[in-house]
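As structure tokens, the structure follows; a few thoughts come after it.
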Amino acid sequence: MLKQPHRRLNPLTGEFVLVSPHRTQRPWQGRLETPAQDRRPSYDPGCYLCPGNARAGGQVNPVYESTFAFDNDFAALLPGKGDSSELAPDSLFWSEPESGLCRVVCFSPRHDLSLPELSLRELEAVLSTWTEETRVLSANPDIRYVQVFENKGEMMGCSNPHPHSQIWATQHLPNEPAKELARQRDYLVSHGRCLLADYLKEELQREERLVRVNADWVALVPFWAAWPFETLVLPRRPLRTLLDLTQDERASLADLLKGLTTRYDNLFGISFPYSMGFHQAPCDDEPHPEWILHLHFYPPLLRSATVRKFMVGYEMLATPGRDITPEAAAERLREMSESHYKAKG
Ligand code: H2U
Ligand code: ZN
């Protein structure tokens with residue numbers, strides 16, 4: 001076990017993370033605070049996202065029975081190409097129009113069920129909806145990137161407890177996928193192989209950072225994780241986007257996500273907050289042989305349901321850091337049961 005402070009490189013972004021294992025207060029020795037129990041009704045008449053209710057913009061939701069997708073009533077982007085007459089890509093004052101579409105995807109009519117509490121069939125329906133949304137958005141000639149993500153929990157600034165995700169599709173490649181594109185491209189050019197395929201192969205041999213695997217997918221704590229319980233989900237086959245999954249791969253991804261998110265909830269006995277999302281290849285009509293589809297989970301919690309990690313100070317001004325090692329975090333998640341704490345009462 002590495003005990004000395006060191007830095008690790010994130011090959012997907014080219015950025016370092018500082019690891020200080022000698023500072024580790026082993027997190028399971030910390031007090032387990034009693035979490036606020038979230039007991040929600042299965043239907044909330046005041047919820048903007050429940051079936052049959054009116055949304056904030058006045059539209060009325062259908063009485064949906066599975067997933068439900070709609071245009072965000074307060075979209076951050078507008079469709080079309082934008083008006084560039086007032087904006088200039090000018091050296092120190094660069095500005096240019098950004099256009100796109102924002103969608104909201106409710107996971108289920110149930111107000112009280114988050115991803116780990118859905119059945120495998122319901123989880124598959126969520127994956128199918130994300131896939132169909134990706135299909136339509138990426139066929140739009142004005143769209144170059146489709147970002148599917150879920151922002152979960154009050155701690156992450158999620159505005160509505162009804163389980164839902166968002167999709168923002170944009171004219172330009174956003175920052176994070178742009179870094180990943182450049183790094184994956186460089187790796188393909190210099191090695192003749194995919195960065196994430198090589199990485200997965202190595203992690204499957206080393207085993208120490210694996211959390212949950214099945215026939216088609218692997219969830220692990222990446223070697224370069226910055227968030228305490230960050231995970232990366234990788235396909236065993238080189239898939240580029242959600243459109244490449246077979247029905248079997250969708251079913252096995254549902255299985256993997258249910259297992260992983262159940263472990264997250266069981267870690268501190270709460271509905272575990274996080275931001276998660278898919279990084280798919282850009283939809284710019286290029287083949288993208290460098291790209292491997294993957295999912296990032298970025299949870300903010302560190303030691304208990306109420307002790308979170310703050311990315312502040314040195315991390316904002318210099319380099320993100322962590323105490324608990326990625327290997328220790330993976331071990332903690334591996335130890336977790338996959339029977340959900342709520343089901344146990
Ligand atoms: P969060 O994922 O941060 O909770 O955001 C929920 C989104 O749902 C948010 O982008 C949208 C908000 O604009 N929304 C609607 O489109 N209609 C509503 O009636 C409520 C929320
Ligand atoms: Zn609701």
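The values are calculated or read from the model by the stated rules, or taken from the named source; none is laboratory data. Since we're looking at a predicted model, the values are computed, not measured. Backbone-built Cβ (ideal geometry, glycine too); neighbour counts: all protein chains shown.
Note on region 75-89: residues that are in contact (Cβ under 8 Å) with a residue 12 or more places away in the chain and over 12 Å from Trp168 (Cα atoms) amount to 5. Flag set for Arg39, criterion: among the basic types (Lys, Arg), more than 16 Å from ligand 1 (Cβ to nearest atom) and modelled with pLDDT under 90. Of the numbered criteria (1) modelled with pLDDT under 90; (2) within 15 Å of ligand 1 (Cβ to nearest atom); (3) surrounded by 16 or more Cβ atoms within 10 Å (Cβ to Cβ), the one Pro27 fails is (2). Sort out which residues of region 99-127 are among the basic types (Lys, Arg) and more than 16 Å from ligand 2 (Cβ to nearest atom), and write them in order of number. Within region 99-127, Arg103, Arg121 qualify.
Against the criterion of being surrounded by fewer than 20 Cβ atoms within 10 Å (Cβ to Cβ) and more than 30 Å from Arg332 (Cα to Cα), Asn160 does not qualify.
Contact map, region 258-287: residues that are closer than 16 Å to Leu113 by Cβ and in contact (Cβ under 8 Å) with a residue 40 or more places away in the chain paired with residues that are surrounded by fewer than 23 Cβ atoms within 10 Å (Cβ to Cβ) and among the charged types (D, E, K, R), Cβ distance under 7 Å, separation 6+ or inter-chain. Pairs shown: Thr262/Glu338; Ser271/Asp38; Ser271/Asp265; Phe272/Asp265. When Ala330, Ala281, Ala215, Ala254 are checked against the criterion of being buried (at least 19 other Cβ atoms within 10 Å of the Cβ), small (Gly, Ala, Ser) and farther than 23 Å from Val146 by Cβ, Ala330 stands alone in meeting it. If you go through region 143-157 and keep only what is at pLDDT below 95 and either more than 16 Å from ligand 2 (Cβ to nearest atom) or closer than 21 Å to Ser252 by Cβ (or both), you end up with Met155, Met156, Gly157. Candidates in region 163-179 are the residues that are of a type in the set (A, V, I, L, M, F, W, C) and touching a residue at least 24 places away in the same chain (Cβ under 8 Å); of these, the one that is farthest from ligand 1 (Cβ to nearest atom) is Leu173. Considering (1) within 16 Å of ligand 1 (Cβ to nearest atom); (2) more than 19 Å from Phe297 (Cβ to Cβ); (3) touching an Asp or Glu at 6+ places or on another chain (Cβ under 6 Å), the lone condition that Asn160 does not fulfil carries the number (3).
Any residue that is basic (Lys, Arg), free of Cβ contacts under 8 Å to residues at least 40 places away in the same chain and part of a loop (DSSP other than H, G, I, E, B) - is there at least one of those in region 207-226? Within region 207-226, none of the residues are basic (Lys, Arg), free of Cβ contacts under 8 Å to residues at least 40 places away in the same chain and part of a loop (DSSP other than H, G, I, E, B). Within region 294-315, the set of residues being closer than 17 Å to Cys158 by Cβ and in contact with a helix residue (DSSP H, G or I) (Cβ under 8 Å, 6 or more places away or on another chain) comprises Phe297, Pro299, Pro300, Leu301, Ala305, Arg308.
Quick one: count up the residues across region 148-157 that are closer than 25 Å to Gly46 by Cβ and more than 9 Å from ligand 1 (Cβ to nearest atom). Adding up the residues that qualify gives 3. Whether a residue is closer than 18 Å to Leu77 by Cβ, buried (at least 20 other Cβ atoms within 10 Å of the Cβ) and within 16 Å of ligand 1 (Cβ to nearest atom) was assessed, and Val104 passes this test.
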